[in-house]
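The values are calculated or read from the model by the stated rules, or taken from the named source; none is laboratory data. Computed from a predicted model, the values in this text were never measured in an experiment. Cβ coordinates were reconstructed from backbone atoms using ideal geometry, including for glycine residues, and neighbour counts include every protein chain displayed.
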Amino acid sequence: MKQPTTYYQAKKSKAKIQVHQGGSRSGKTFSLCQVLIQLCFRNRNAGIVITIVRKTFPALRSSVMRDFMQILTEGGNYYEEHHNKSNATYNLFGNLIEFISTDQPQKLRGRKRDILYVNECNEITLEDWRQLLLRTTGRIFIDYNPSDEHHWIYDHILEREDVEFFQTTYLDNPFLEQSVIDEIERFKETDENFWRIYGLGERGVNVSAIFPQWQVAEAIPERAKLVAYGCDWGFTNDPTAIVSVWREDYSLYIEEHLYKTGLTNRDISLELDKLHLDRTPIICDSAEPKSIEELHRLGHNVKPSKKGPDSIRLGIDIMKRHKIFVLKDSLNAQKEFRNYRWEVDRNGVQLNKPIDHTNHIIDAVRYVCINRIGTSYSGKYYIS
């Protein structure tokens with residue numbers, strides 16, 4: 001019986017890391033589960049540990065775990081006594097299959113394995129990937145839909161010499177019903193970007209991205225002038241973020257200097273001392289006047305950002321008038337610009353409101369733009 005293309009690609013490849021990029025319903029997940037089961041069969045009682053990962057456990061259970069157990073059941077190889085449901089493991093032909101999610105940090109960082117399979121790898125973070133990679137001694141399989149044109153996968157996985165890349169579409173799955181094929185192909189006429197990603201398995205353009213055209217810069221140009229520093233407060237869960245914003249004509253250059261949780265105002269003051277700012281203004285979130293006053297008394301030229309009912313949109317508009325460059329070492333800044341998006345409603349209609357998540361550096365840049373580029377501000381800490 002003919003199998004999806006991914007099945008043959010995965011069986012044939014000898015690469016350390018296999019990358020399976022594909023459109024919707026191309027058979028990636030089912031095929032990779034088949035290959036792993038056959039690997040266990042060929043290596044009976046070898047004690048191989050295979051870890052299958054996805055971002056959240058509910059998603060893991062309803063997708064790759066379900067496919068895995070279905071294949072075992074249909075092949076007459078599922079035995080209830082081998083399935084430890086509380087630990088999400090299965091003993092298969094004397095080898096251990098474990099299912100974990102990256103929202104379980106104690107499992108993510110505490111285990112070693114021989115083989116790794118990351119399902120929907122584009123959902124996890126670069127840090128999660130690095131933790132998994134460090135604890136894997138053998139081969140690695142990953143799959144994903146290419147919905148993000150600037151994902152870290154392209155820079156940190158595909159550029160490796162030990163990677164083999166495969167791309168598949170729905171046409172590579174011989175088991176797909178005609179009704180499903182018709183629905184996928186309908187997007188040719190109705191949604192070009194969706195068709196590109198989920199039909200053709202090609203990198204799409206994130207239409208909800210607020211800054212889709214930002215770029216990475218090697219360095220700040222000599223002609224660029226420092227506008228100001230920006231600071232967004234954080235503590236327990238959110239990091240305190242400090243950036244410098246430089247301007248050359250209609251280009252902004254952003255350099256990340258601090259991105260850390262758990263900092264007191266005294267800690268922040270010490271970090272600012274390391275930057276040797278002289279009297280360069282530091283534009284801060286005005287929501288914490290006590291912190292601003294304390295840093296002011298510690299000798300820093302801190303200023304509260306102007307805020308109003310539409311200040312978020314105003315700051316975004318000022319930023320969008322410029323070409324935006326993020327320095328190559330400013331990795332948290334790159335992550336934020338890559339993922340900063342407009343909200344969409346349940347029908348997929350884009351709203352005129354950004355998602356308020358992982359935007360600490362962008363907020364710090366906004367404060368600088370509103371107060372030093374777009375508008376003036378007066379008050380106790382008037383910026384001159």
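Here are the numbers:
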| item | result |
| --- | --- |
| Conditions (1) among the aromatic types (Phe, Trp, Tyr); (2) more than 26 Å from residue 350 (Cα to Cα); (3) part of a helix (DSSP H, G or I): number failed by residue 198 | (2) |
| Enumeration of residues in the stretch 114-131 that are of a type outside the set (Asp, Glu), touching a strand residue (DSSP E or B) at 6+ places or on another chain (Cβ under 6 Å) and not in a strand (DSSP E or B) | 119, 121, 122 |
| Test: residue in the stretch 155-162 that is surrounded by 14 or more Cβ atoms within 10 Å (Cβ to Cβ), over 22 Å from residue 7 (Cα atoms) and free of Cβ contacts under 8 Å to residues at least 60 places away in the same chain | no |
| Cβ pairs under 8 Å, 6+ apart, first in the stretch 270-295 and more than 18 Å from residue 255 (Cβ to Cβ), second assigned to a loop (DSSP other than H, G, I, E, B) and among the polar types (S, T, N, Q) | 279/301; 285/305; 286/305; 292/286 |
| Sole residue being free of Cβ contacts under 8 Å to residues at least 40 places away in the same chain and not β-branched (Val, Ile, Thr), chosen from 13, 101, 31 | 31 |
| Single residue of 253, 259, 198 found to be buried (at least 16 other Cβ atoms within 10 Å of the Cβ), closer than 23 Å to residue 356 by Cβ, of a type in the set (Ser, Thr, Tyr) and touching a residue at least 12 places away in the same chain (Cβ under 8 Å) | 259 |
| Flag if residue 218 is crowded, with 16+ Cβ neighbours inside 10 Å, in contact with a strand residue (DSSP E or B) (Cβ under 9 Å, 6 or more places away or on another chain) and not hydrophobic (A, V, I, L, M, F, W, C) | no |
| Boolean, residue 142 is of a type in the set (A, V, I, L, M, F, W, C) and closer than 17 Å to residue 55 by Cβ | yes |
| Residues (of a type outside the set (Val, Ile, Thr) and either within 12 Å of residue 35 (Cα to Cα) or in contact with a His (Cβ under 7 Å, 6 or more places away or on another chain) (or both)) located in the stretch 1-18 | 3, 4, 7, 8, 9, 10, 11, 12, 13 |
| Residue pairs meeting the criteria (Cβ under 8 Å; at least 6 apart or on separate chains; first in the same structural domain as residue 264 (by TED's automatic domain parsing), in the stretch 219-239; second buried (at least 17 other Cβ atoms within 10 Å of the Cβ) and basic (Lys, Arg)) | 224/247; 225/247; 227/247; 227/372; 228/372; 230/366 |
| Residue check for residue 244: of a type in the set (S, T, N, Q) and not assigned by TED's automatic domain parsing to the domain that holds residue 344 | no |
| Conditions (1) assigned to a loop (DSSP other than H, G, I, E, B); (2) among the small types (Gly, Ala, Ser); (3) within 21 Å of residue 259 (Cα to Cα): number failed by residue 308 | (3) |
| Only listed residue being over 30 Å from residue 351 (Cβ atoms) and in contact with a Gly (Cβ under 8 Å, 6 or more places away or on another chain), chosen from 263, 258 | 263 |
| Any pair with Cβ under 6 angstrom, 6 or more apart, that starts in the stretch 125-149 at a residue that is not assigned by TED's automatic domain parsing to the domain that holds residue 165 and at pLDDT below 95 and ends at one that is in a strand (DSSP E or B) and aliphatic (A, V, I, L, M) | none |
| Tally of residues being within 29 Å of the chain's Cα centre (by Cα), closer than 15 Å to residue 36 by Cβ and small (Gly, Ala, Ser) across the stretch 61-117 | 1 |
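Rundown of residues vs (1) modelled with pLDDT under 90; (2) touching a strand residue (DSSP E or B) at 6+ places or on another chain (Cβ under 8 Å); (3) surrounded by fewer than 19 Cβ atoms within 10 Å (Cβ to Cβ), yes/no style:
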residue: 293; (1), (2), (3): no, no, yes
residue: 298; (1), (2), (3): no, no, yes
residue: 313; (1), (2), (3): yes, yes, yes
residue: 321; (1), (2), (3): yes, no, yes
residue: 325; (1), (2), (3): no, yes, no
residue: 330; (1), (2), (3): no, yes, no
residue: 342; (1), (2), (3): yes, yes, yes
